[in-house]
Amino acid sequence: MYNELQKRYVKEIKRNQEQSETIKNLTIKIHELEHNLREQRQRIEQLECKKVSWKTSAVSGKRSRTTEGEVTSHRDFSKKKECCCSEHLELLLKEIKRLKKENEKLSTERRALKNELAGLDKDFFEEVEDLKHAVQESVKLNNQYEKCLKQISVMYGLPFTAHL
């Protein structure tokens, strides 16, 4: 029983540590994604400013050639860039939402585990330590009994088999 409690306690602590590490990593990733989101928003603003300047140049009739040799206006390029940026932005937002949900879920689970561990007071751990000591003493006593039994078996010529 003691070993089971000890294993469960160690398992809960490891799980708690793993979840704390996961939460930390997710928080870092969320901050990175939020930073990327801010950068992308700034980039969109810059592109929108360029879009205004391209519109004015498109109105004046300026055109450029693509690598395929097609003639396109600046307006066509800005639409493509805007589309790519907004798609990238949407993907980043979805990823942030997903990570926030996962972070919240892990935080909730971590709090629940902490509350469960909080229910184990100091007396419980002292009792566990007492049980641990009692088990160690029992093992020593069993070893002494086994030696004694072995000597008696040899003395009377009986076969002795040690059971583990």
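Throughout, read-outs are computed from the coordinates displayed, never taken from laboratory work. Values in this document were obtained by computation on a predicted structure and should not be read as measured data. Note that each Cβ is placed from the backbone with ideal geometry, even for glycine, and that neighbours are counted across all protein chains shown.
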Q | Backbone HN-Hα couplings from phi across segment 85-97 [Karplus 6.51/-1.76/1.60, Hz, Gly and Pro as x] | A | 5, 5, 5, 4, 5, 5, 4, 4, 5, 4, 5, 4, 4
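At R0 = 35 Å, how high is the FRET efficiency between residue 144 and residue 123 if r is their beta carbon distance? Nearest 0.05 is fine.
Numbers: r = 31 Å, r/R0 = 0.90.
The computed FRET efficiency comes out at 0.65.
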(Q) Just to check I understand the Karplus step: with θ = phi - 60° and J = 6.51 cos²θ - 1.76 cosθ + 1.60, what whole-Hz values come out for segment 109-126, glycine and proline as x? (A) 5, 5, 4, 4, 5, 4, 4, 5, 5, 5, x, 8, 7, 4, 4, 4, 5, 5
Q: Please work out the FRET efficiency for the pair residue 37 and residue 106, using the Cβ-Cβ distance as r and a Förster radius of 35 Å; give the result to the nearest 0.05.
A: 0.95
Q | Approximate shape of segment 124-163 as ellipsoid semi-axes (Cα gyration tensor, √5λ), whole Å, largest first | A | 33, 8, 4
